[in-house]
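The values are calculated or read from the model by the stated rules, or taken from the named source; none is laboratory data. Only a predicted model underlies this, so the values are computations on that prediction, with no experimental measurement involved. Quick reminder, even Gly has a Cβ in these numbers, built from the backbone with ideal geometry, and neighbours come from all protein chains shown.
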Amino acid sequence: MPDFVDQVVLHISAGDGGNGCASIHREKFKPLGGPDGGNGGRGGDVVLEVDPNTATLLEYHRRPHRKAENGKQGQGSNRDGANGADVILPVPNGTVVKNASTGEVLVDLVGVGTRYVIAEGGHGGLGNAALATTRRKAPGFALLGEPGDTLDVMLELKSVADVALVGFPSAGKSSLIAALSAAKPKIADYPFTTLIPNLGVVTAGETVFTVADVPGLIPGASQGKGLGHEFLRHVERCDMLVHVIDCATMEPGRDPITDYEVIESELHAYGKLEDRPRLVVLNKADVPDARELAELVKPEFEARGLRVFTISAATHDGLRELTYAMGEWVAAARAQKPVEEPTRLVIRPKQLGDTGFRVRRVNENLFQITGEKPERWIRQTDFTNDEAVGYLADRLERLGVEQELAKAGATAGAEVVIGPMEGGYIFDWQPTLSAESVRQGPRGSDNRLG
């Protein structure tokens, strides 16, 4: 099980709304008590909230399925069902939320306390007390609760750490982060011992910052060789790059200058990293030949405008100077950064004159109706109750659906789909008589459907 996760797919389900209640008040000496069915409770939302105490997405890697509580069903005596509890998911500052299917960025969460409702709970259904009118004084039906939103989202950390350690495999990056911090990465003398970033917290005077030990890079990493794309993705989200160069390697064709140039060429080919400041760390100076080589190449790095530190992660030689140099840069960079403001969530009202639905003629005898209201009303209707079906027909007629169907060329008996073509509600259209012009039958029935 990894100790650090910066990208995860989360399967989210909001709570379903509770069903409304169809109930008639019954009391001695009150034969016409009237309807008293309560409304269903609203389903709980799933909310992402930026938490300063959360630094990784590991918890969601372990438990990727999250569901909010359903709303409770309404009851008689005008008792409404309880609302479902929201689920609050803490995420690190700078988390990017994407649609897992399309890759579309939904929101970039910046600023402590920023909240974003990623999945809304379903509305509770109305009880028959709320549906009573002067014509329908005692409805024998109630509306069903709506299902909550269900979707898959990808959470991705925009910033992993302040400093990233980059270099060839077995250059001593894991040993260095273990020496600088309390992190305990796996350390061994073979390439790609590190397969996921290791994070360490480093203190330099009053400055506390994070360092990421990024898995080793090899030639061709920018084209994906050796999991290069995955490793470079971690580097992209760090603010400073520290080249860790192995001065004791005995591999043919390798030396500190060549190693630096190879890694730089891969970073340049990957792109988006040109503005990152660099430091060069010549590691393994505890080996006599390595120290001599470090002193030999140090002037050449400095001639390129780079700060160079000769260290030994094994003996901790030179680590104090390196730590304070990184701390100074981090403190200066933080001072120059603008104050992060919470993400502003834009609410866009619907266009004036919007009917709320669209009618499309699919073929000569097939028509499709799409829109928030018709599709929501379909979900709320109990099709086992004729009176509920008649109520749906009245709502669609008042919305203007039948008028638009007639304009589109629909005739009696035409096949109509409300919602998507796959999985929508299908019926044969018959022009509806208004319920006002039809005598009401027993509760739970509708004379128009006889």
Legend entry - Hits in region 101-116 - residues which are surrounded by 15 or more Cβ atoms within 10 Å (Cβ to Cβ) and either closer than 27 Å to ILE378 by Cβ or out of contact with any strand residue (DSSP E or B) (no Cβ under 6 Å at 6 or more places or on another chain) (or both): LEU106, VAL110
Legend entry - Qualifying position, being at pLDDT 95 or above and among the β-branched types (Val, Ile, Thr), among VAL91, VAL50, VAL46: VAL46
Inset, instruction - Look at region 237-255 and say how many of its residues are closer than 22 Å to TRP329 by Cβ and touching a Phe, Trp or Tyr at 6+ places or on another chain (Cβ under 8 Å). - result: 3
Inset, instruction - Would you check if there is a residue in region 124-134 being among the small types (Gly, Ala, Ser), in a loop (DSSP other than H, G, I, E, B) and surrounded by fewer than 18 Cβ atoms within 10 Å (Cβ to Cβ)? - result: yes
Inset, instruction - Within region 5-49, track down each residue that is surrounded by 15 or more Cβ atoms within 10 Å (Cβ to Cβ), more than 30 Å from ILE88 (Cβ to Cβ) and either free of Cβ contacts under 8 Å to residues at least 24 places away in the same chain or among the β-branched types (Val, Ile, Thr) (or both). - result: ILE24
Legend entry - Filter result (over 22 Å from the mean Cα position of the chain (by Cα) and of a type in the set (D, E, K, R)) within region 23-51: ARG26, GLU27, LYS28, LYS30, ASP36, ARG42
Inset, instruction - Sort out which residues of region 51-95 are of a type in the set (S, T, N, Q), in contact with a strand residue (DSSP E or B) (Cβ under 6 Å, 6 or more places away or on another chain) and surrounded by fewer than 20 Cβ atoms within 10 Å (Cβ to Cβ), and write them in order of number. - result: THR54, ASN93
Inset, instruction - Starting from region 255-268, keep only residues that are assigned by TED's automatic domain parsing to the domain that holds PHE168, then list their pairs with residues that are among the acidic types (Asp, Glu) and modelled with pLDDT under 85 whose Cβ atoms are within a distance under 9 Å, requiring at least 6 positions of separation or different chains. - result: LEU267/GLU274; HIS268/GLU274
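Matching residues to (1) surrounded by 13 or more Cβ atoms within 10 Å (Cβ to Cβ); (2) at pLDDT 90 or above:
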residue	(1), (2)
ILE418	yes, yes
GLY424	yes, no
ASP428	no, no
GLU436	no, no
ARG439	no, no
GLY444	yes, no
Legend entry - Residue list for region 11-43, restricted to those being assigned to a strand (DSSP E or B) and modelled with pLDDT under 95: ILE24, GLU27, LYS30, PRO35
Inset, instruction - Look at region 55-105 and say how many of its residues are within 26 Å of PHE141 (Cβ to Cβ), touching a His at 6+ places or on another chain (Cβ under 8 Å) and not hydroxyl-bearing (Ser, Thr, Tyr). - result: 1
Inset, instruction - Within region 186-207, identify whether any single residue is modelled with pLDDT of 80 or more, buried (at least 20 other Cβ atoms within 10 Å of the Cβ) and either assigned by TED's automatic domain parsing to the domain that holds LEU322 or part of a loop (DSSP other than H, G, I, E, B) (or both), and answer yes or no. - result: yes
Inset, instruction - Restrict the check to region 155-178 and report whether at least one residue is over 30 Å from THR315 (Cβ atoms), among the aliphatic types (A, V, I, L, M), modelled with pLDDT of 85 or more and in contact with a strand residue (DSSP E or B) (Cβ under 6 Å, 6 or more places away or on another chain). - result: yes
Inset, instruction - Would you be able to say whether some residue in region 79-99 is in a loop (DSSP other than H, G, I, E, B) and hydroxyl-bearing (Ser, Thr, Tyr)? - result: no
Legend entry - Matching residues in region 250-261 - criterion: being crowded, with 18+ Cβ neighbours inside 10 Å and either closer than 18 Å to PRO288 by Cα or of a type in the set (A, V, I, L, M, F, W, C) (or both): PRO256
